[in-house]
Amino acid sequence: MSELPRPFDYRPPPAGPLPVLHQDAHLLVIDKPSGLLTVPGNRPERADCLESRARAEFPDARIIHRLDMDTSGVIVLALTAHAQAHIGKQFEKRQTTKSYVARVWGEMTDDEGEVDEPIITDWPNRPRQMICHERGRPAQTRWRVLERPDGVTRLQLTPRTGRSHQLRLHMAHLGHPILGDNLYAHAEALAASDRLCLHAERLGFRHPDGGAPVIFESPAPF
């Protein structure tokens, strides 16, 4: 694993309509492409993002949660202030259900397990995070093997908490970094894919209009 973040050169995917999985009067569910920031970055050249692209088509769209720039998959935006508060509170209270698909380096021996390692920002090496038992915030990730093709492992990942870079850091901690991870993977694992092999495949929560459970899914593109 490298000691410093690799250079950040923002090259978002080509402009065009966002893949909409669902839309109603209250919410908008999008299949976020890999390589696109969720919200604007801290420099003018990083202004292009999911939020700005969504608002070009849906002016009332409001961010509720985020996915890492290089993570693809299901993300929900609110179209009303009520929906933003309602769903946002579910994320805050861990009442949503989330699962991801990842391809990681090497063949994992066990079929399932859990990582319970606290996480804190690695301030000298931002945006990297690090495991810290003294000052880190609790972080738990369940993992389950889906298949072991050609020397790599395909996993279903279920985060019990929502720390920044949690899945990426936890997999690297196990010695099985996610393929294409430019922050936590060693050189071979980074070169094994032209994108981060992490995809938010499933998101469930209670609909802000009436509270009925809803689930949205997107198959992993890798």
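Things worth noting here:
A quick yes/no check of all residues on (1) in contact with a Cys (Cβ under 6 Å, 6 or more places away or on another chain); (2) of a type in the set (A, V, I, L, M, F, W, C); (3) surrounded by 14 or more Cβ atoms within 10 Å (Cβ to Cβ); (4) closer than 30 Å to Ala187 by Cβ:
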{"site": "Gln23", "(1), (2), (3), (4)": "no, no, yes, no"}
{"site": "Leu28", "(1), (2), (3), (4)": "no, yes, yes, no"}
{"site": "Glu57", "(1), (2), (3), (4)": "no, no, no, no"}
{"site": "Ile64", "(1), (2), (3), (4)": "no, yes, yes, no"}
{"site": "Met69", "(1), (2), (3), (4)": "no, yes, yes, yes"}
{"site": "Val74", "(1), (2), (3), (4)": "no, yes, yes, no"}
{"site": "Phe91", "(1), (2), (3), (4)": "no, yes, yes, no"}
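- Which listed residue, of Arg154, Arg128, Arg135, is in contact with a Pro (Cβ under 9 Å, 6 or more places away or on another chain), buried (at least 16 other Cβ atoms within 10 Å of the Cβ) and modelled with pLDDT of 95 or more: Arg128
- Within this structure, Ser193 fails the test of being in a loop (DSSP other than H, G, I, E, B) and closer than 19 Å to Ile64 by Cα.
- Residues located in the stretch 129-168, provided they are under 24 Å from Thr109 (Cα atoms), outside any strand (DSSP E or B) and within 12 Å of the chain's Cα centre (by Cα): His165, Gln166, Leu167, Arg168
- When Pro59, Pro33, Pro14 are checked against the criterion of being modelled with pLDDT under 95 and out of contact with any Phe, Trp or Tyr (no Cβ under 6 Å at 6 or more places or on another chain), Pro14 stands alone in meeting it.
- In the set (1) surrounded by fewer than 20 Cβ atoms within 10 Å (Cβ to Cβ); (2) touching a residue at least 24 places away in the same chain (Cβ under 8 Å); (3) of a type in the set (D, E, K, R), the condition left unmet by Asp9 is number (2).
- Test for Asp181: is it loosely packed, with under 15 Cβ neighbours inside 10 Å, of a type in the set (D, E, K, R) and either at pLDDT below 95 or in a loop (DSSP other than H, G, I, E, B) (or both): no
- For Ala192: the one exception among (1) more than 18 Å from the chain's Cα centre (by Cα); (2) among the small types (Gly, Ala, Ser); (3) surrounded by 22 or more Cβ atoms within 10 Å (Cβ to Cβ): (3)
- Candidates Thr161, Thr141: the one that is more than 13 Å from Cys197 (Cα to Cα) and surrounded by fewer than 21 Cβ atoms within 10 Å (Cβ to Cβ) is Thr161.
- Whenever a residue of the stretch 15-27 is within 16 Å of Gly204 (Cα to Cα) and in a loop (DSSP other than H, G, I, E, B), its partners that are of a type in the set (Ser, Thr, Tyr) and modelled with pLDDT of 95 or more, lying with C-beta atoms within less than 6 angstrom and at least six residues away or across chains, give the pairs His26/Thr80.
- Within the stretch 77-95, the set of residues being within 13 Å of His65 (Cα to Cα) and part of a helix (DSSP H, G or I) comprises Ala83, Gln84, Ala85, His86, Ile87, Gly88, Lys89, Gln90, Phe91, Glu92.
The values are calculated or read from the model by the stated rules, or taken from the named source; none is laboratory data. Just so it is clear, the model here is predicted, and its values are computed rather than measured. Cβ: placed from backbone, ideal geometry, glycine included. Neighbour counts: every protein chain shown.
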